[in-house]
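Asker: Following this message is one structure expressed as structure tokens.
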Amino acid sequence: MNLSVLQVGLWLIAGAVSFYFSLGNARVWTSICLGFILILVGEIIPAAVPFLPGLDIPQVQAMGAIIGTVAIMVMTHGFMEYYVFSRTLEVEGKRRFVYLGTGLVILGSLGFVLVNPVPSARTLEIIQIIANANWVFLSLINIDMIRKIYLNVKETPIAKAFLAFMVVFLFIFLWKGSLLYMQVYDLQALAAAYPFRFEFSQFCANLGNVLASLSVGATFLYLARLLR
């Protein structure tokens, strides 16, 4: 089986599990679940190019990276909200405002992409680098945020689920960090000169991708069981 197809399939499952979990649980989980669902949209666009028509359009590729960036921002906001909730047991806002706000950001980004010149290969590379840099640094922030949440809820039945989320973001850090490393040092162009670095970085990126999708689905299934 093609690795891209496997990755898309695993993220489809992870996205479906995240969506199912978000339907029957508290508002405080909405941003977290939506962020993981948006990974599916952001990742399926570049991964499924050979199979779906129109996905080689530069604007579509740019939106894939942008939606991926929105995903990690929404997730980070969700874990910040949960941290506040774990200390105060108060939740502000309504579920629909999360969806509305995220939708407006995506629509605004789409408008920005459409009114500007067609993204060149260099522009797409810069957008991807920015996206992966956001993933890398916000993953580290989320790991620390989730650690603080765990300390606040460690006496509750769902405490271990937050340890699982820390593992999720470690895998995401491996995945996106490897991609960022290859992009910054242009290892694809230097593959002949540095074959081990290129192949090892690709291996780490693919491994992190697969393990992240598996751990996301498993964590939400575990949470659903705990909150049943």
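Asker: Consider PRO157 against the criteria (1) touching a residue at least 60 places away in the same chain (Cβ under 8 Å); (2) part of a helix (DSSP H, G or I); (3) under 22 Å from ALA218 (Cβ atoms): it satisfies all of them except one. Which criterion is unmet?
Answerer: Unmet for PRO157, out of (1) touching a residue at least 60 places away in the same chain (Cβ under 8 Å); (2) part of a helix (DSSP H, G or I); (3) under 22 Å from ALA218 (Cβ atoms): (2).
Asker: Hey, another quick one. Counting only residues that are of a type outside the set (Asp, Glu) and open to solvent by 90 Å² or more (accessible area, probe 1.4 Å), which one in region 152-183 is modelled with the lowest pLDDT?
Answerer: Here is the first cut: in region 152-183, the ones of a type outside the set (Asp, Glu) are 152-154, 156-183.
Next cut, open to solvent by 90 Å² or more (accessible area, probe 1.4 Å) only: 154, 157, 160, 170.
Values: LYS154: 90, PRO157: 87, LYS160: 92, LEU170: 97.
For region 152-183, the residue satisfying everything is PRO157.
Asker: State all residues of region 6-50 that are open to solvent by 30 Å² or more (accessible area, probe 1.4 Å), modelled with pLDDT under 80 and assigned to a helix (DSSP H, G or I); if no residue qualifies, say none.
Answerer: LEU6, LEU23, ARG27, GLU43, ILE44, PRO46
Asker: Identify all residues within region 70-92 that are over 17 Å from the mean Cα position of the chain (by Cα), of a type in the set (Ser, Thr, Tyr) and modelled with pLDDT of 90 or more; write none if there are none. Give the derivation first.
Answerer: The initial filter retains those residues of region 70-92 that are over 17 Å from the mean Cα position of the chain (by Cα), namely 81-92.
From the residues that got through so far, the ones that are of a type in the set (Ser, Thr, Tyr) too are 82-83, 86, 88.
Of everything in region 70-92, those that are over 17 Å from the mean Cα position of the chain (by Cα), of a type in the set (Ser, Thr, Tyr) and modelled with pLDDT of 90 or more turn out to be TYR82, TYR83.
Asker: Tell me which residues, restricted to region 114-136, are under 24 Å from HIS77 (Cα atoms) and among the aliphatic types (A, V, I, L, M).
Answerer: Our first condition is that a residue be under 24 Å from HIS77 (Cα atoms); within region 114-136, this holds for 127-136.
Matches in region 114-136: ILE127, ILE129, ILE130, ALA131, ALA133, VAL136.
Asker: Before we move on, is PHE200 open to solvent by 70 Å² or more (accessible area, probe 1.4 Å), modelled with pLDDT of 95 or more, in a helix (DSSP H, G or I) and not acidic (Asp, Glu)?
Answerer: Numbers: open to solvent by 70 Å² or more (accessible area, probe 1.4 Å): yes; modelled with pLDDT of 95 or more: yes; in a helix (DSSP H, G or I): yes; not acidic (Asp, Glu): yes.
Answer is yes for this residue.
Asker: Here's something else I'd like to know. Could you list all residues from region 67-90 that are closer than 13 Å to ILE141 by Cβ and of a type in the set (S, T, N, Q)? Talk me through it step by step, then tell me what you get.
Answerer: Restricting attention to region 67-90, the residues satisfying the condition of being closer than 13 Å to ILE141 by Cβ are 72-73, 75-80, 83.
Once the filter is applied, which keeps residues that are closer than 13 Å to ILE141 by Cβ and of a type in the set (S, T, N, Q), region 67-90 yields only THR76.
Asker: If I filter region 101-122 down to residues being open to solvent by 100 Å² or more (accessible area, probe 1.4 Å) and of a type outside the set (Val, Ile, Thr), which single residue comes out as farthest from GLY68 (Cα to Cα)? Give the derivation first.
Answerer: Initially, region 101-122 is screened for residues open to solvent by 100 Å² or more (accessible area, probe 1.4 Å), giving 104, 107, 112, 114-115, 117, 122.
If we keep only those that are of a type outside the set (Val, Ile, Thr) too, we end up with 104, 107, 112, 114, 117, 122.
Numbers: LEU104: 15, LEU107: 14, PHE112: 16, LEU114: 18, PRO117: 21, ARG122: 19 Å.
Only one residue fits best here, namely PRO117.
Asker: ASP186 fails exactly one of the following numbered conditions: (1) of a type outside the set (A, V, I, L, M); (2) modelled with pLDDT of 95 or more; (3) at positive phi. What is the number of that condition?
Answerer: Looking at each condition in turn, ASP186 falls short on (2).
Asker: Restricting the search to region 203-228, which residues are free of Cβ contacts under 8 Å to residues at least 60 places away in the same chain, part of a helix (DSSP H, G or I) and either open to solvent by 60 Å² or more (accessible area, probe 1.4 Å) or under 12 Å from ALA161 (Cα atoms) (or both)?
Answerer: Selection gives PHE203, LEU207, SER215, ALA218, THR219, ARG225.
Asker: Being open to solvent by less than 70 Å² (accessible area, probe 1.4 Å), among the charged types (D, E, K, R) and in contact (Cβ under 8 Å) with a residue 12 or more places away in the chain is the requirement here; does GLU125 meet it?
Answerer: So GLU125 does not fit the description; no.
Asker: Can you work out which of the residues in region 184-197 that are among the aliphatic types (A, V, I, L, M) and over 23 Å from the mean Cα position of the chain (by Cα) is surrounded by the most Cβ atoms within 10 Å (Cβ to Cβ)?
Answerer: Initial filter on region 184-197 (among the aliphatic types (A, V, I, L, M)): 184, 187, 189-193.
Now narrow it down to the ones that are over 23 Å from the mean Cα position of the chain (by Cα): 187, 189-193.
Numbers: LEU187: 20, ALA189: 10, LEU190: 13, ALA191: 15, ALA192: 7, ALA193: 9.
Applying the filter and picking the extreme gives LEU187.
Asker: While we're looking at this one, here's another question. Of everything in region 117-154, what is part of a helix (DSSP H, G or I), farther than 25 Å from VAL184 by Cβ and among the charged types (D, E, K, R)? Give them in sequence order.
Answerer: The initial filter retains those residues of region 117-154 that are part of a helix (DSSP H, G or I), namely 121-153.
If we keep only those that are farther than 25 Å from VAL184 by Cβ as well, we get 145-153.
Within region 117-154, ARG147, LYS148 meet the criteria.
The values are calculated or read from the model by the stated rules, or taken from the named source; none is laboratory data. Not measured: the values here are computed from a predicted model. Virtual Cβ from ideal backbone geometry, glycine too; neighbours counted across all protein chains shown. Just so you know, the surface numbers come from the protein's heavy atoms only, side chains and all, with ligands and any DNA or RNA stripped out. Shrake-Rupley method; radii C 1.70, N 1.55, O 1.52, S 1.80 Å.
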